[in-house]
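Accompanying notes for the structure given below.
The values are calculated or read from the model by the stated rules, or taken from the named source; none is laboratory data. Keep in mind that what you see is a predicted model, and the values were worked out from it rather than measured. With ideal geometry, Cβ positions are generated from the backbone for all residues, glycine too; neighbour counts draw on all protein chains shown. Side chains included, ligands, DNA and RNA excluded: accessible areas come from the protein's heavy atoms. Shrake-Rupley method; radii C 1.70, N 1.55, O 1.52, S 1.80 Å.
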Amino acid sequence: MLNDLLARNVAWSQQRHAEEPDYFTRLAALQAPEFFWIGCSDSRVPANVVAGLDPGEVFVHRNVANIVHSSDMNLLSALEFALDALHVREIIVCGHYGCGGVKAATEDLPHGLADHWLEPIRRLARAYAVDLGREPDLEAQRERLAELNVVEGVRRVCETPILQRAWRHGADVRVHGLIYGLRDGRLRDLDCSIGPGHFQAAQSTQEAAQ
């Protein structure tokens with residue numbers, strides 16, 4: 001298995017070099033991605049492939065079910081590096097339909113440590129139980145829950161002190177929520193994008209209403 005993987009790597013490297021002789025030299029010289037991608041670890045959803053991007057064009061963090069935990073130092077470190085060192089200005093939280101993590105979160109079965117990791121999704125399922133109950137079947141409920149998990153992830157990224165600090169310093173950073181369809185290979189915009197000034201505007205609206 002390992003020898004096969006290494007052989008595939010050699011074939012891929014040779015093909016890339018033949019198609020674009022300076023490809024690896026260019027990648028090695030500079031990392032300047034336009035996007036920071038927070039996605040699921042699912043092997044069927046590689047960020048640069050589904051987005052049609054070269055490896056150097058997207059900085060990637062992946063975990064089970066693309067959950068944004070406020071205590072996840074791995075994600076927070078990647079977010080800080082993306083903003084402060086790479087100066088990325090487009091952040092994408094991307095989930096996918098048919099997510100095994102979402103499925104596990106809705107099952108009454110033990111999954112070991114994954115149960116602790118997936119707790120935010122179960123919390124979302126409880127919070128949106130009425131809305132989810134309107135879906136026609138369990139699969140549709142899970143697909144809607146996958147969407148809600150992305151929307152929640154966008155909000156939680158925006159609430160991090162890292163991004164709040166970047167906004168205070170004038171960074172024009174926007175956070176978007178996408179979901180990927182395994183059956184058709186399409187990315188869909190969930191229309192939950194947030195940019196600079198969003199929370200201030202929402203607070204002003206709320207104060208005016210009072």
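Cβ-Cβ below 6 Å, separation at least six or inter-chain, first residue in segment 48-71 and more than 18 Å from Glu147 (Cβ to Cβ) and of a type in the set (A, V, I, L, M, F, W, C), second open to solvent by 40 Å² or more (accessible area, probe 1.4 Å) and part of a helix (DSSP H, G or I): which pairs?
Filtered contacts from segment 48-71: Val58/Asn48.
Taking the condition of being open to solvent by less than 80 Å² (accessible area, probe 1.4 Å) and either in a helix (DSSP H, G or I) or on the phi < 0 side of the Ramachandran plot (or both), how many residues in segment 110-119 meet it?
Final tally of qualifying residues: 6.
Only residues that are in contact (Cβ under 8 Å) with a residue 24 or more places away in the chain and closer than 23 Å to Gly100 by Cβ: list them for segment 165-191, please.
Residues satisfying the conditions are Gly177, Leu178, Ile179, Tyr180, Gly181, Leu182, Arg183, Gly185, Leu187, Leu190.
Exactly one condition in (1) modelled with pLDDT under 95; (2) in contact with a His (Cβ under 9 Å, 6 or more places away or on another chain) is false for Arg16; which is it?
Going through (1) modelled with pLDDT under 95; (2) in contact with a His (Cβ under 9 Å, 6 or more places away or on another chain) one by one, Arg16 breaks only (2).
Per-residue answers, yes or no, for (1) outside any helix (DSSP H, G or I); (2) in contact (Cβ under 8 Å) with a residue 24 or more places away in the chain; (3) open to solvent by less than 60 Å² (accessible area, probe 1.4 Å):
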residue: Ile121; (1), (2), (3): no, yes, yes
residue: Ala125; (1), (2), (3): no, no, yes
residue: Leu132; (1), (2), (3): no, no, yes
residue: Pro136; (1), (2), (3): yes, no, no
residue: Glu139; (1), (2), (3): no, no, no
residue: Glu143; (1), (2), (3): no, yes, yes
residue: Ala146; (1), (2), (3): no, yes, yes
residue: Arg156; (1), (2), (3): no, yes, no
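For segment 102-115, check the following and say yes or no: at least one residue is closer than 22 Å to Val50 by Cβ, among the charged types (D, E, K, R) and touching a residue at least 12 places away in the same chain (Cβ under 8 Å).
The answer is yes; a qualifying residue exists.
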